[in-house]
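Novice: Can you read through this structure? Questions will come right after.
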Amino acid sequence: MRHASLLAFALLTGCASAPPPEPAWVSEADPDLVALGGTTRVDIEIDWFAPVPPDELALEGLALVALRECPGKVVAIRRDTELKASRWKSCRGDAIESALDECRGRSEAAPGLAYVHVLYCPVNPWGESSATNGLCRRLEKPFPHWQIFIFKGTLKSRAILGLGEDRIDRSCLVHEFGHALGLVANPEHRFEDGGGHCTDTGCVMTKPKLKAVLANAALAIATGEIPWDYCEKCRSDLERSRVLYHR
């Protein structure tokens, strides 16, 4: 009887010490990209208008973070379609959607595949009031996937001294891909405006507030570099989501 009582007590205390449930933000990361299991491939297609092709350094940076943050998956990053420069004239505003239909290499979902489509544009076709450097959004048609825009003409205008446009391109591309992964959802290091940006000025997911601009300007002048990778807090958030999904 005494042993039965001790067993019951152990069971009760074991239940009482169970870890609390994870906060809702942990599940905001995209399981198709970050989770172990589920999808087995990540296809990242890169298209561009003729005057603004992607820089190789940017694609190398994207490959590094995609292979690291999409573990257990085959990651393919492919340069695909170049749209004529003259085509851009008819792509302002929502007309850009027709260009996406024209260059997108995939028209339907495939089992086990996560798809990300990147289009390099001269500037934001909707105007800079919505986004200046780049934009990431989730589309459900013609099938669920991530759509990333990089406004390369704007980025080129920001190259100065030792800070080349290729490094700016790399930071912007990795930043927008971070939004597709699910960054930044953790309120402990996310700006309160809810825009998905990190308060760590050394993180590529930071927001261009005055403090970050000044800190990164000093880095650019001294080294010709600006942050282009996720900080430890952001990477820890993705790992926390990965563990949750693996359960």
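Novice: Report yes if ILE148 is open to solvent by less than 40 Å² (accessible area, probe 1.4 Å), of a type outside the set (Ser, Thr, Tyr) and either touching a Lys or Arg at 6+ places or on another chain (Cβ under 7 Å) or in a loop (DSSP other than H, G, I, E, B) (or both), otherwise no. Can you show your working first?
Specialist: Working: open to solvent by less than 40 Å² (accessible area, probe 1.4 Å): yes; of a type outside the set (Ser, Thr, Tyr): yes; either touching a Lys or Arg at 6+ places or on another chain (Cβ under 7 Å) or in a loop (DSSP other than H, G, I, E, B) (or both): no.
In short, no.
Novice: Moving on to the next point. Collect the residues in segment 197-247 that are among the small types (Gly, Ala, Ser) and either closer than 16 Å to HIS179 by Cβ or at pLDDT below 95 (or both), keeping them in residue-number order.
Specialist: GLY202, ALA212, ALA215, ALA217, ALA218, ALA220, ALA222, GLY224, SER241
Novice: Tally time: how many residues in segment 228-239 are part of a helix (DSSP H, G or I) and either open to solvent by less than 70 Å² (accessible area, probe 1.4 Å) or more than 16 Å from GLY72 (Cα to Cα) (or both)? Quick ask: steps written out before the conclusion?
Specialist: We begin by selecting, within segment 228-239, every residue part of a helix (DSSP H, G or I); these are 232-239.
Next, from what is left, pick out any that are either open to solvent by less than 70 Å² (accessible area, probe 1.4 Å) or more than 16 Å from GLY72 (Cα to Cα) (or both): 232-238.
Matching residues across segment 228-239 total 7.
Novice: If we scan segment 211-225, do we find a residue that is part of a loop (DSSP other than H, G, I, E, B) and either within 26 Å of LEU33 (Cα to Cα) or of a type outside the set (Gly, Ala, Ser) (or both)?
Specialist: Within segment 211-225, the first condition is being part of a loop (DSSP other than H, G, I, E, B), and the residues that meet it are 224-225.
Remaining after also requiring either within 26 Å of LEU33 (Cα to Cα) or of a type outside the set (Gly, Ala, Ser) (or both): 225.
Within segment 211-225 (the criterion being part of a loop (DSSP other than H, G, I, E, B) and either within 26 Å of LEU33 (Cα to Cα) or of a type outside the set (Gly, Ala, Ser) (or both)), the answer is yes, since at least one residue qualifies.
Novice: I want to confirm something. Restricting to segment 151-164 and keeping residues that are buried (at least 19 other Cβ atoms within 10 Å of the Cβ) and not basic (Lys, Arg), which single residue is farthest from the chain's Cα centre (by Cα)? Can you show your working first?
Specialist: Keep residues of segment 151-164 that are buried (at least 19 other Cβ atoms within 10 Å of the Cβ), which gives 151-152, 154-155, 163.
Right, trim to not basic (Lys, Arg) and you get 151, 154-155, 163.
On the way: PHE151: 15, THR154: 19, LEU155: 17, LEU163: 22 Å.
Here the answer is LEU163.
Novice: Six or more apart or on different chains, Cβ atoms under 6 Å: show the pairs whose first residue is in segment 116-130 and in contact (Cβ under 8 Å) with a residue 24 or more places away in the chain and whose second is among the β-branched types (Val, Ile, Thr) and open to solvent by less than 20 Å² (accessible area, probe 1.4 Å).
Specialist: Partner pairs satisfying both residue conditions: VAL116/ILE44; VAL118/ILE46; VAL118/ILE148; TYR120/VAL52; TYR120/ILE150; PRO122/VAL52; VAL123/THR154; PRO125/ILE96.
The values are calculated or read from the model by the stated rules, or taken from the named source; none is laboratory data. Worth saying up front: this structure is predicted, and the values here are computed from it rather than measured. Positions of Cβ are backbone-derived with ideal geometry, glycine not excepted, and every protein chain shown enters the neighbour counts. Surface areas here come from the heavy atoms of the whole protein model, side chains and all, with no ligands, DNA or RNA. Shrake-Rupley method; radii C 1.70, N 1.55, O 1.52, S 1.80 Å.
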